[in-house]
Amino acid sequence: MKITVLGSGTSSGIPLIGCECPVCTSADPRDQRLRPAIAIAFDGHCVLIDTPPDFRTQALRAHLHRVDAVLYTHSHADHIMGLDDLRPFNFKHRSRIPIYGASDTIETIRRVFHYIFDDRSHVTFVPQIDSHVIGDAPLELFGQQFQPIPVLHGKSKILGYRFGNAAYLTDHSEIPAESMAMLHGLDVLFLDALRHHPHPTHSTVATSIETVRQLKPNRAYFTHISHDLGHAATEAELPEGIHIAYDGLEIDVE
């Protein structure tokens, strides 16, 4: 299994529009962060977690040739607004793409992209997708099990996912005890780590370091990074085995 980080930035992306801070003007390409998502490749299939507004650019950059399914963490704009760019994969493979998410997420997607689901729509070319509501039970896609992991994003319950020996959790401020119990024995763990100082809906670097200490994955990668954190300087301060994710990073999972 291979994970490709399509985007590792916060909701505004980095560089932030109009910002002249050291990170936004950095020459280090790892400081240029599109909105957060990953692609998971296994056995000739590709499953996405989220479709950000930057998805077209991300797909071209990662040379994605197929998308077989999409799992959504939640319905905020930085996680769903690239959905329409699934169309080329319909054209190429002449098949519909299933999407999965919690009931409120799918409800929002069907409202925001109503033209996709409205039989009366006069839009000629729309993504050919089938929406599915999921709960907390494991989901099997193409022989691989995906376990939804409930986390708190401020006061909202959203989903992360465990798949094999990897897990991807973004946009979380708290991981409930019952979810922590599902995250042991990992090779790779992705965690939200927005910045150093507290945020009402996101984890901090220190909090996510403590989560790694408790769960003890072989490797941990922090994502959903703001312009408060320069890649090189932050990476140098992290404990062994913990890294800052960056756009284009490819990880083989044991």
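The values are calculated or read from the model by the stated rules, or taken from the named source; none is laboratory data. In this text, all values refer to a predicted model and were calculated from it rather than measured experimentally. Please note: Cβ atoms are built from the backbone with ideal geometry, for glycine as well, and neighbour counts cover all protein chains shown.
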Checklist line | Only listed residue being touching a strand residue (DSSP E or B) at 6+ places or on another chain (Cβ under 9 Å), within 23 Å of Gln58 (Cβ to Cβ), surrounded by fewer than 21 Cβ atoms within 10 Å (Cβ to Cβ) and at pLDDT 95 or above, chosen from Leu249, Leu215 | finding: Leu249
Checklist line | Residue ID - surrounded by the fewest Cβ atoms within 10 Å (Cβ to Cβ), chosen from residues in region 155-165 that are in contact (Cβ under 8 Å) with a residue 12 or more places away in the chain and farther than 17 Å from His224 by Cβ | finding: Lys157
Notebook entry, point to check: If you scan region 1-44, which residues turn out to be more than 13 Å from Tyr246 (Cβ to Cβ) and among the polar types (S, T, N, Q)?
Noted result: Thr10, Ser11, Ser12, Thr25
Check: Any idea which of (1) surrounded by fewer than 22 Cβ atoms within 10 Å (Cβ to Cβ); (2) at positive phi is the one Ala206 doesn't satisfy?
Finding: (2)
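For the structure I just gave you, tell me whether Phe91 is modelled with pLDDT under 95, in a helix (DSSP H, G or I), surrounded by fewer than 18 Cβ atoms within 10 Å (Cβ to Cβ) and of a type in the set (A, V, I, L, M, F, W, C).
Taking the combined requirement at face value, the residue satisfies it.
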Notebook entry, point to check: Of all residues in region 60-74, how many are buried (at least 22 other Cβ atoms within 10 Å of the Cβ) and either closer than 20 Å to Ile14 by Cβ or of a type in the set (Ser, Thr, Tyr) (or both)?
Noted result: 2
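Looking at Leu189, Leu152, Leu229 in this structure, which one is part of a loop (DSSP other than H, G, I, E, B) and surrounded by 15 or more Cβ atoms within 10 Å (Cβ to Cβ)?
Of Leu189, Leu152, Leu229, the one residue that is part of a loop (DSSP other than H, G, I, E, B) and surrounded by 15 or more Cβ atoms within 10 Å (Cβ to Cβ) is Leu229.
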Next item on the list: May I ask you to list pairs of residues, at least six apart or on different chains, whose Cβ atoms are under 6 Å apart, with the first in region 228-250 being among the β-branched types (Val, Ile, Thr) and the second being at pLDDT 95 or above and not in a helix (DSSP H, G or I)?
Entry: Thr234/Ile244; Ile242/Ala220; Ile244/Phe222
Next item on the list: Pull up region 118-150, narrow it to residues that are of a type in the set (Asp, Glu) and touching a strand residue (DSSP E or B) at 6+ places or on another chain (Cβ under 7 Å), then point me to the one that is modelled with the highest pLDDT.
Entry: Asp130
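Under 26 Å from Ile158 (Cβ atoms), at pLDDT 95 or above and not charged (D, E, K, R): which single residue out of Tyr115, Tyr100 fits that description?
Just a single option satisfies the conditions, and that option is Tyr100.
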Item checked: Subset of region 96-127 [part of a loop (DSSP other than H, G, I, E, B) and closer than 16 Å to Leu48 by Cα] -> Arg96, Ala102, Pro127
Check: Within the group Ile14, Ile40, Ile49, which residue is surrounded by 18 or more Cβ atoms within 10 Å (Cβ to Cβ) and within 14 Å of Gly248 (Cα to Cα)?
Finding: Ile40
Check: So is Asp171 buried (at least 20 other Cβ atoms within 10 Å of the Cβ), among the charged types (D, E, K, R) and part of a loop (DSSP other than H, G, I, E, B) or not?
Finding: yes
Checklist line | Ser75 being in contact (Cβ under 8 Å) with a residue 60 or more places away in the chain, at negative phi and not acidic (Asp, Glu) | finding: no
Next item on the list: Any residue in region 42-67 that's acidic (Asp, Glu): show its pairings with residues that are in a helix (DSSP H, G or I) at Cβ separation under 8 Å, as long as the two are six or more apart or on different chains.
Entry: Asp50/His79; Asp50/Ile80
